Amino acid sequence: MKHFLSVNEVTNLADLVTSALAYKADPFKDNHLGYRKRLGMLFLNPSMRTRISTQIAAKNLGMDAVVFNVGQDGWTLEFEDEAIMSGTTVEHVKEAAPVLGKYFDILGVRTFPSLKNKEEDYSELYIHQFIKYAGVPILSLESSTLHPMQSLTDIITIQEVFKEKRKPKIVLTWAPHVKALPQCVANSFAQWITAWGDAEFVITHPEDYELDNRFTNSAAITHNQNEALKDADFVYVKNWSTYTDYGKIYCNDPTWMLTQEKLAATKNAKVMHCLPVRRNVELSDEILDGANSLVVQQAGNRVWAAQAVLAELLKSI
Ligand code: CP
């Protein structure tokens, strides 16, 4: 694997999941794979899980990991080619990326979308400029449109939990939120679950919240949440802002929040969320504090997803 930006870089998803679960069983079995290799992790936005789990994963493989909070501590970066830098940006990615490529063997990058300009966000300019100029493998720690490490974690968690000899029914449901959020977790989850192919997959959201069909692929899509939830084995809860009329909040109907009462229609479904979660806005206390919630197990599995991906990147350098 040369870079890790989406499921498209994964040659065998089943093997990657198996590798992650093997690291969970024996975290230090490859603790020389990253000997004398350094991982740089650039955060243009806040993070708790991605930052810490990826650092732990790197250390388990014997790597050094250095975190740089660009958004907080660094010079403001310019990403547009031929920009006249007379505004607020101080350093161009054309210098910053190759300099970081001299310091690190692998470079992780975390960016968010503007949610103002769909074409610009969906072009993934930031991460592609790092690929163009850094000269080392780029690891997405969440980009404008996708969150691949989260989605790999989600599949690891589903496989770990679901032991029946049939395909699980997985429902991705939109949830209310107070802010306009990116589509990346939902896009990415849809992209990975449809590529995995080992599930009946349904997406449910209010009208006007359609996701980009480049990511939803073969998923069934309905505006009827109660119908979607019937017989579900897993319910993945996530808010996203509108995609078509980009970055808006059209609906904040609190009845879209998943409750214990709604779960009654499912097959005692396990409930997933990438975190952080707004309690009693996106998900009720009763679910988050109850036996059906997988959110902590899921966040714990971020380490093993990161370790499996870093191992693949290390093998290619
Ligand atoms: N789920 C996730 O990426 O969490 P952080 O934003 O805390 O990294």
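The values are calculated or read from the model by the stated rules, or taken from the named source; none is laboratory data. All of these numbers come straight from a predicted model, not from anything done at the bench. So basically every Cβ, Gly included, is an ideal-geometry build from the backbone, and we count neighbours across all protein chains shown. Heads up: the accessible areas ignore ligands, DNA and RNA and are worked out on the full protein's heavy atoms, side chains in. Shrake-Rupley method; radii C 1.70, N 1.55, O 1.52, S 1.80 Å.
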key: Count of residues meeting criterion [in a helix (DSSP H, G or I) and open to solvent by 70 Å² or more (accessible area, probe 1.4 Å)] in region 1-23   = 3
ask   = Given the conditions (1) within 22 Å of the chain's Cα centre (by Cα); (2) exposed (fewer than 15 other Cβ atoms within 10 Å of the Cβ), which single one is not true for A269?
value = (2)
query = Do we have any residue at all in region 188-197 that's outside the structural domain of A20 (by TED's automatic domain parsing), of a type in the set (V, I, T), more than 16 Å from the ligand (Cβ to nearest atom) and in contact with a helix residue (DSSP H, G or I) (Cβ under 8 Å, 6 or more places away or on another chain)?
reply = yes
request  = Please indicate, with yes or no, whether at least one residue in region 190-212 is open to solvent by 60 Å² or more (accessible area, probe 1.4 Å) and in contact with a Ser or Thr (Cβ under 7 Å, 6 or more places away or on another chain).
outcome  = yes
task = Starting from region 112-138, take each residue that is among the charged types (D, E, K, R) and list its partners that are part of a helix (DSSP H, G or I), counting only C-beta distances under 9 angstrom and pairs at least six apart or across chains.
result = K132/V93; K132/K94; K132/A97
task = May I ask you to verify whether E78 is in contact with a His (Cβ under 6 Å, 6 or more places away or on another chain), of a type in the set (D, E, K, R) and without any contact (Cβ under 8 Å) to a residue 24 or more places away in the chain?
result = yes
query = Could you say whether any residue in region 158-167 is over 19 Å from the mean Cα position of the chain (by Cα) and either of a type outside the set (D, E, K, R) or open to solvent by less than 40 Å² (accessible area, probe 1.4 Å) (or both)?
reply = yes
remark   = Picking from P137, P168, the residue that is under 27 Å from R49 (Cα atoms) and either in the same structural domain as V17 (by TED's automatic domain parsing) or aliphatic (A, V, I, L, M) (or both) would be P137
key: Which listed residue, of L44, L33, is modelled with pLDDT of 95 or more and either of a type in the set (A, V, I, L, M, F, W, C) or more than 13 Å from the ligand (Cβ to nearest atom) (or both)   = L33
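Residue-wise test of (1) surrounded by fewer than 24 Cβ atoms within 10 Å (Cβ to Cβ); (2) within 16 Å of the ligand (Cβ to nearest atom); (3) part of a helix (DSSP H, G or I).
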{"site": "Y126", "(1), (2), (3)": "yes, no, yes"}
{"site": "I131", "(1), (2), (3)": "yes, no, yes"}
{"site": "S143", "(1), (2), (3)": "no, yes, no"}
{"site": "M149", "(1), (2), (3)": "no, yes, yes"}
{"site": "H177", "(1), (2), (3)": "yes, yes, no"}
ask   = Looking only at helices (runs of 4 or more DSSP H) that fall completely inside region 29-113, which ones have 3 or more residues that are crowded, with 19+ Cβ neighbours inside 10 Å and in the same structural domain as S123 (by TED's automatic domain parsing)?
value = 49-60, 93-103
message = Tell me whether region 275-290 contains one or more residues that are free of Cβ contacts under 8 Å to residues at least 24 places away in the same chain, on the phi > 0 side of the Ramachandran plot and open to solvent by 10 Å² or more (accessible area, probe 1.4 Å).
response = yes
request  = Just one of (1) away from the ligand (no atom under 16 Å from the Cβ); (2) in the same structural domain as Y122 (by TED's automatic domain parsing); (3) not polar (S, T, N, Q) trips up E200, so point out which.
outcome  = (2)
request  = State the number of residues belonging to region 301-317 that are surrounded by 15 or more Cβ atoms within 10 Å (Cβ to Cβ), out of contact with any strand residue (DSSP E or B) (no Cβ under 9 Å at 6 or more places or on another chain) and assigned to a helix (DSSP H, G or I).
outcome  = 7
ask   = In this structure, does Q307 turn out to be at pLDDT 95 or above, of a type outside the set (K, R) and within 15 Å of the ligand (Cβ to nearest atom)?
value = no
message = For the structure I just gave you, tell me whether S143 is in contact with a Ser or Thr (Cβ under 6 Å, 6 or more places away or on another chain), at pLDDT 95 or above and closer than 22 Å to T204 by Cβ.
response = no
request  = Tell me which residues, restricted to region 213-242, are of a type in the set (S, T, Y) and open to solvent by less than 10 Å² (accessible area, probe 1.4 Å).
outcome  = T216, Y236, S241, T242
